[in-house]
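One structure below.
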Amino acid sequence: MDRWFLIASTLLATIGGVWGMISVHRGHRSHWTVMWMTATFLCQIGFLAARGEMRAACPLMDRGEILTFLAWSLTLFYLLIGPAYRISLLGVFTAPVVVIFQGMALIPGTLTAHPIKLAGGNPWHETHSAMSVLAYGALALAAVAGVMFLVLDKQLKDHHLKSGLFRNLPPVRELLVSLERLLWLGGVLLTVGIVAGFLMPRTQSAWGHLIAAVAVWLGYGVLLAVKQVRGLTGRRLSLSAVGLFVLSLVVFAFV
């Protein structure tokens, strides 16, 4: 049953992304994208609730659960940030990322078919895992906003001012404000996750993940410090947000 929730949410995100791109191609915004992503979010909750009941703990025990939790976090922050800043097109860029993460989770062998119920879980370990993945959701959405800015910047430089995509992209200022706030939010959540990581009992492999998390935290900390002290152009901030997120995924893939 849990896998069907995941399949349904992946299909809904696919529909939301395709529907949004068709609308943009026709030259108008689609508010239905938010509805499709809301339905995606509800199915993600259904999946995580089912896995959580099977695990008797926060469902972050295998790569499939982590990828789905990350997709849920990304969807959550989109639903909170997108409508609030009137960035409806953000869903069109977010949906493909959700589909990629959940598509990877659906690859046979990624998601444990028969999860074992855990006994005596450590609350610091669960806090570390949950806060870290939530942070990655915020940082992933910051990277998505960065991609949107880079697309807008290229459209301006190429003078494609009449294209459906350009006319529906949000103002530059709104994009950069949301991007920077997402970076700060991700940084705060990651800080909480790292503190919890130092307080939990650790195995040798856990040390590797914790060191990687600290390295990622330092990277984003340097970016935000440079932005505050010296300032960064929108293009450099966007490139840095995208580059750091991709690099952080690579780091964790090899830990």
- Flagged in region 1-31 as among the aromatic types (Phe, Trp, Tyr) and either at pLDDT 95 or above or in contact with a helix residue (DSSP H, G or I) (Cβ under 8 Å, 6 or more places away or on another chain) (or both), in numbering order, are PHE5, TRP19
- Message: Name the residue that is surrounded by the most Cβ atoms within 10 Å (Cβ to Cβ), counting only residues in region 164-182 that are within 15 Å of ARG235 (Cα to Cα) and either at pLDDT 90 or above or charged (D, E, K, R) (or both).
- Response: LEU179
- Query: Would you pick out the residues in region 111-146 that are surrounded by fewer than 17 Cβ atoms within 10 Å (Cβ to Cβ) and either at pLDDT 85 or above or over 21 Å from the mean Cα position of the chain (by Cα) (or both)?
  - Reply: THR112, ALA113, HIS114, ILE116, LYS117, LEU118, ALA119, GLY120, GLY121, ASN122, PRO123, TRP124
- Which fully enclosed helices (runs of 4 or more DSSP H) of region 1-82 have 3 or more residues being among the charged types (D, E, K, R) and under 21 Å from LEU106 (Cα atoms)? 32-55
- Query: Are any of the residues in region 47-58 acidic (Asp, Glu) and free of Cβ contacts under 8 Å to residues at least 12 places away in the same chain?
  - Reply: yes
- What are the pairs, 6+ residues apart or on separate chains, where a residue within region 20-32 that is closer than 10 Å to VAL92 by Cβ and assigned by TED's automatic domain parsing to the domain that holds PHE93 has its Cβ under 7 Å from a residue that is modelled with pLDDT under 70 and among the small types (Gly, Ala, Ser)? GLY20/SER30; SER23/SER30; VAL24/GLY164; ARG29/SER88
- Message: Being modelled with pLDDT under 85, among the β-branched types (Val, Ile, Thr) and either assigned to a helix (DSSP H, G or I) or closer than 13 Å to GLY16 by Cβ (or both) is the filter here; which residues of region 83-110 pass it?
- Response: VAL92
- Message: Can you report the number of residues in region 212-221 which are touching a residue at least 40 places away in the same chain (Cβ under 8 Å) and farther than 30 Å from LEU156 by Cβ?
- Response: 2
- Task: Could you list, in sequence order, all residues of region 192-209 that are surrounded by 15 or more Cβ atoms within 10 Å (Cβ to Cβ) and either within 22 Å of the chain's Cα centre (by Cα) or within 23 Å of GLN155 (Cβ to Cβ) (or both)?
- Result: VAL192, GLY193, ILE194, ALA196, GLY197, HIS209
- Do we find a residue being of a type outside the set (Gly, Ala, Ser) and over 18 Å from MET131 (Cα atoms) anywhere in region 62-81? yes
- Note on the structure: With the first residue restricted to region 222-237 and required to be surrounded by fewer than 10 Cβ atoms within 10 Å (Cβ to Cβ), and the second required to be at pLDDT below 95 and not in a helix (DSSP H, G or I), Cβ contacts under 8 Å at 6 or more apart or on different chains are none
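The values are calculated or read from the model by the stated rules, or taken from the named source; none is laboratory data. Quantities reported herein were computed from a predicted structural model and do not represent experimental measurements. Note that each Cβ is placed from the backbone with ideal geometry, even for glycine, and that neighbours are counted across all protein chains shown.
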